[in-house]
RNA sequence: GGGCUCGUGGUGUAGUGGCCAAACAUGCGGCCCUGUCAAGGCCGAGAUCGGGGGUUCGAAUCCCCUCGAGCCCGCCA
């Protein structure tokens with residue numbers, strides 16, 4: 001290797017050393033006489049100075065170099081002349097005085113500027129991802145991601161975990177997201193599925209006695225994109241034998257504290273992480289992944305309007321619903337148009353409507369105000385703690401709907417009122433989820449977390465008798481409004497596992513076809529076990545304060561699941577399809 | 001599948017019916033310039049305003065269709 005130093009590593013302590021550097025032209029400043037080039041490599045930027053009177057050949061190379069040319073330069077590392085130091089640059093005390101320069105490779109004019117942090121069209125960035133990744137912000141994100149992964153590996157290794165890989169070509173599951181399928185050449189008409197997570201195999205590893213497993217696991221889900229969702233993503237997946245819920249929680253909490261303290265500028269809002277039951281999280285913040293960085297908690301106003309003649313409230317209360325609200329500070333000044341937009345948003349979130357009541361000097365203003373008695377409005381204001389100039393946002397609906405809609409509106413309020421401190425990481429555990437949830441459209445039960453999650457009371461008859469009322473051993477890690485991860489203490493007794501599938505509406509045959517291999521494994525001395533999986537990208541997003549999962553992946557796909565750099569997906573050769581016994585029926 | 005927002009020189013923006021045969025910054029080309037660090041100064045090239053159709057005396061601007069992008073809802077054990 002010819003290079004002697006990395007550009008960004010040079011400091012005053014290197015002064016006097018002879019350096020050979022290789023890197024990219026970040027910027028060039030041509031003074032006609034002197035030329036300055038900021039040379040950049042992964043470590044950073046250093047100024048190189050070219051003097052035409054001393055080294056005319058090197059100066060000529062520098063004068064022809066443009067942005068992103070790859071240069072090799074050679075010369076002494078020198079303290080800068082007094083008064084020309086640049087304190088903004090880590091290498092600003094020194095410069096390299098070039099005595100020789102060579103263009104290793106030129107660059108075409110760029111489709112966008114690497115040396116500038118600008119908001120660019122994303123399809124352009126993705127098409128030229130190799131240029132995008134040269135930008136400071138993206139480089140930092142990718143480096144931080146590597147640091148997070150290394151922290152995870154080091155930490156789990158210290159605690160006796162072993163990293164085990166599980167197959168990428170695996171079996172399709174009945175429940176969950178849509179699978180990515182891979183046709184089998186050897187078995188016509190049969191398919192592998194890419195794993196949505198290594199869930200079943202990690203449990204089988206526990207049966208295998210491997211005791212403490214982890215994996216930085218790639219997962220695939222063929223669902224539509226979101227800001228925090230990609231078709232393929234990475235999880236920290238782990239599983240432990242002979243543990244209880246608290247063992248997993250404490251293990252993960254210590255890991256995430258270490259990650260936050262070593263990989264992020266942001267500060268932990270609380271440690272240890274607070275724990276809230278699912279019921280409390282929904283009641284107070286309207287979400288099972290609440291953003292705990294700000295208040296604006298939900299208020300139950302059902303009692304305050306219990307006797308009301310206002311039909312929108314009384315009808316809902318009579319049907320077993322609730323009337324709940326939040327206080328938006330200062331929103332009494334919202335225009336009619338803004339208020340209408342808010343109501344539309346509430347409807348999009350699933351509410352039948354939204355009652356807005358502005359707190360003004362002479363009472364409450366809003367469409368519903370005239371239907372409420374003075375006593376009622378007085379009680380509402382008192383209970384909610386709303387002050388002059390605030391606006392009450394009230395939803396009357398079934399408890400889950402009201403909580404969900406207000407939870408989303410709460411985030412909107414937090415954002416728009418600048419109540420959120422960007423510098424904070426507010427982790428919290430959400431525990432005591434219900435084991436199962438009723439699907440009215442399908443007339444059956446389904447699991448809340450995954451079908452392998454155990455109940456706190458592991459009694460087959462009790463579960464059968466009241467599936468929705470049984471508390472489970474599920475736990476989620478939430479942070480700043482994201483679900484970072486979730487896990488559970490699992491079912492390790494085959495007869496209990498069968499009850500769950502029975503409640504989900506599967507026949508004995510369907511159950512055997514789907515998870516017969518696991519049920520069989522559990523007959524051979526399965527240890528009690530539990531684990532968790534957290535999203536790596538979401539973790540890194542939180543550490544570097546990025547709002548989008550694509551910013552922490554080297555080569556993400558766009559909103560329509562395309563890779564714009566490689567141009568995937570793409571058509572394939574007829575011959576490949578024949579080999580796979582695939583015929584196309586395009587609509 | 002649905003809703004919302006956006007699409008103007010290479011890039012990022014301004015322009016919301018005539019003042020626009022489109023402006024600014026940056027990048028690009030040329031010239032000048034020996035201590036800059038987003039170097040500076042002067043000159044120049046570069047856009048049929050995503051595409052198609054319509055309304056109008058007149059359209060980047062209004063309407064319809066279409067393509068593309070992003071965000072959200074549905075979906076996501």
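Taken together, the values in this text are just the output of simple stated rules run on the coordinates, not laboratory data. If you're wondering where the values come from, they're calculated on a predicted model, not measured in any experiment. When we count neighbours, we look across all protein chains shown, and the Cβ atoms used for this are built from the backbone with ideal geometry, even at glycine.
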Run the helix sum for chain A: -39,500 (n - 2.57) per DSSP H stretch of 4+ residues, divided by residue count, reported at 222 nm to the nearest 500 deg cm²/dmol. -9000 deg cm²/dmol
Nearest 5 is fine: what % of DSSP beta bridges in the range A:7-105 come out antiparallel, could you say? 95 percent
Here the percent of antiparallel bridges among DSSP beta bridges lying wholly in the range A:294-420, to the nearest 5, is 100 percent
Provide the percentage of antiparallel DSSP beta bridges, counting only those with both residues in chain A; round to the nearest 5. 90 percent
May I ask you to derive the relative contact order of the range A:294-420, considering only C-alpha pairs under 8 Å and at least 6 residues apart, and to give it as an integer percent? 37 percent
Starting from the Cα-Cα distance between residue A:108 and residue A:575, subtract it from 0.36 nm times their residue separation and give me the gain in nm to one decimal. 164.3 nm
FRET efficiency estimate (nearest 0.05) - Cβ-Cβ, residue A:279 to residue A:85, R0 56 angstrom: 0.40
Shape call for the range A:129-189 from the C-alpha gyration tensor, a ≥ b ≥ c root eigenvalues: rounded (a/c under 1.5), prolate (a/b greater than b/c) or oblate? oblate
Compute the relative contact order of the range A:214-303 as a whole-number percentage, counting only Cα pairs closer than 8 Å that sit 6 or more residues apart in sequence. 16 percent
Taking a ≥ b ≥ c as the square roots of the Cα gyration tensor eigenvalues, with a/c under 1.5 meaning rounded and otherwise prolate when a/b beats b/c or oblate if not, the range A:1-106 comes out rounded
Using a Förster distance of 45 angstrom, determine the FRET efficiency expected from the C-beta separation of residue A:4 and residue A:158, and round it to 0.05. 0.80
Ranked A:39, A:120, A:108, criterion: other C-beta atoms within 10 Å, fewest first: A:108, A:120, A:39
Per its Cα gyration tensor (rounded if a/c is under 1.5, else prolate when a/b beats b/c, else oblate), chain A is best filed as oblate
Rounded to the nearest Å, the spacing of the alpha-carbon centers of the range A:453-479 and the range A:535-587 is 36 Å
Pairs of alpha-carbon atoms within less than 8 angstrom and 6+ residues apart define the contacts here; what relative contact order does chain A have, in percent? 14 percent
